[in-house]
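The structure appears below as structure tokens.
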Amino acid sequence: MPQLKAGLGGGRYLRALPLTQVDTKFVEQNLYLIECLLDVLWRGEVSASGGLLAWLTCIENPKGWLFVRPLCDSSQTALGGLPILQMDTATLLAVELPASNILVVENVQSGLGLPPLDNTIAVFGGGKNVSWLSAPWLQAKNVGYWGDIDSEGFAILSDARRRCKNIESIMMDEQVVEKFTSRMVDEPNSVDAPPAYLEEQESRLFHKLRQGDFAKPRLEQEKLAADFIFQRLRCWAIKRIEE
């Protein structure tokens, strides 16, 4: 306890604290107890500074990891030649991705199966984690979102659009449902409340799904035919480039 002083972290992670005779995992595992004891010893200084990490000036561990995959040679070159990488939410909020088109995909496997697209970088595998879409740099990008056609998928889309007003849904329309209706399945843990940030046609499809207008209430991304996916995505990318 006497080793822990204000500012000891120096902008490093908690596990990098320069302590002797104790492992830093012990500190991490007993964080709340240590925070309470230090707050007494330092007469409320720890809580006043915002907690133990802030008092020590340690940075929080990265969280909210997403896959980032360049879909063209120029974007891959701009990302150091890496074909795929992971970034945490804080990094994506702060660092602009080097492409005009940003394609957000709900699920990992769908993101891994994406075709080449000019001037496009895909961010995928976040599921409900769309908080990074509040990034100011996205306002100057063409942003597309592709998720499952079900109540939860539309709820995620709504949350994404609440954060990024210029986002456009892709392959989340009634035409897609009609084309692949035989591949629809049941949906567990459905969202009942209508999402607030859907466009008119999206909201209409949400209600139809919830009312049981189709054989089943859910069409997963992975159920769409590969050639259909490639055609729709390329039309979106080309349209954006032409605009």
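None of the figures in this text is laboratory data; all of them are computed from the coordinates on show. Not measured: the values here are computed from a predicted model. Quick reminder, even Gly has a Cβ in these numbers, built from the backbone with ideal geometry, and neighbours come from all protein chains shown.
For the range 32-125, the Stokes-Einstein estimate of translational diffusion at 10 °C and a viscosity of 1.306 mPa s comes to 101 µm²/s, using the Kirkwood hydrodynamic radius over alpha-carbon pairs.
For the chain, the fraction of alpha-carbon pairs lying more than 21 Å apart is 64 percent, rounded to a whole number.
Work out the FRET efficiency for PHE228 and THR91 from their Cβ-Cβ distance, taking R0 = 35 Å, and round it to the nearest 0.05.
Numbers: r = 33 Å, r/R0 = 0.95.
About 0.60, to the nearest 0.05.
Rounded to the nearest 500, the 222 nm mean residue ellipticity of the chain from helices alone is -10000 deg cm²/dmol, with -39,500 (n - 2.57) taken per DSSP H run of at least 4 residues.
Could you pull out which residues in the range 190-228 have an amide N less than 11 Å from a spot 7 Å beyond the Cα of ARG162, following the Cα-Cβ vector? 195-198, by backbone N distance to the label point.
What does the convex hull of the alpha-carbon atoms of the range 14-56 project to on average, in nm²? Walk me through the intermediate numbers first.
On the way: hull surface 11.6 nm².
Result: 2.9 nm².
On C-alpha positions alone, give me the angle between the axis of helix 200-211 and the longest principal axis of the chain, in degrees, nearest 10. The angle comes out at about 90 degrees. The modelled label-to-label distance for the pair TYR13/ALA196, using points 7 Å beyond Cα in the direction of Cβ, is 3.6 nm. Sequentially through the range 53-59, phi angles give Karplus couplings (6.51, -1.76, 1.60; θ = phi - 60°) of 4, 5, 5, 7, 6, 8, 8 Hz, Gly and Pro residues having no value and appearing as x. Take the chain and mark each of the trypsin sites (Lys or Arg not before Pro) that is in a DSSP loop with at most 14 other Cβ atoms within 10 Å; the longest unmarked stretch, sites excluded, is 166-243. Residues MET172, MET87 in ascending order of nearby Cβ atoms (within 10 Å, fewest first): MET87, MET172.
In the range 158-193, which GluC sites (Glu not before Pro) are in a loop and have at most 10 other Cβ atoms within 10 Å, using DSSP for the loop call? Could you put the intermediate results ahead of the total?
Numbers: sites: GLU168, GLU174, GLU178; in loops: none.
Sparse-neighbourhood loop GluC sites (Glu not before Pro): none present.
With a simple spin-label model that places each label point 7 Å from the Cα along the Cα-to-Cβ direction, the separation between ASP73 and TRP137 comes to 2.4 nm.
Please determine, in degrees from 0 to 90 and to the nearest 10, the orientation of helix 226-242 with respect to the longest principal axis defined by the Cα atoms of the chain, where the helix direction is its Cα long axis. With both axes taken from Cα atoms, the answer is about 80 degrees. Each Cα pair under 8 Å and six or more residues apart adds its sequence gap; the mean of these over the residue count of the chain is a relative contact order of 15 percent. Each of CYS36, CYS72 was scored by other Cβ atoms within 10 Å of its Cβ. Arranged with the fewest first, they read CYS36, CYS72.
In this structure, the residue pairs whose Cα-Cα separation is over 24 Å, taken from LYS63/LYS208; LYS63/LYS216; LYS5/LYS25, are LYS63/LYS208; LYS63/LYS216. Other residues within the sphere of radius under 10 Å centred on the Cβ of GLU152, judged by their own Cβ, net out at -2 (K and R +1, D and E -1).
Nothing charged except the Cβ atoms of Lys and Arg (+1) and of Asp and Glu (-1): what's the magnitude of the dipole of the chain about its Cα centre? Round to the nearest 20 debye. If you can, show how the numbers build up before the last one.
Numbers: 25 positive and 31 negative charges, 87 e Å.
Taking the Cα centre of the chain as origin, the dipole is about 420 debye.
Considering only SER158, LEU138, MET171, the residue lying farthest towards the positive end of the dipole of the range 99-184 is LEU138, judged by Cα position with unit charges set on Cβ. For the pair ASN61 and GLU174, what calculated FRET efficiency results from E = 1/(1 + (r/R0)^6), where r is the Cβ-Cβ distance and R0 = 45 Å, to the nearest 0.05? My answer for the efficiency is 0.60. Net charge of the neighbourhood of LYS208, taken over other residues with C-beta under 14 Å away and scored Lys/Arg +1, Asp/Glu -1, is -4. Could you state the angle between the C-alpha long axis of helix 151-163 and the longest principal axis of the C-alpha atoms of the chain, as a value from 0 to 90 degrees rounded to the nearest 10? Value to nearest ten degrees: 60.
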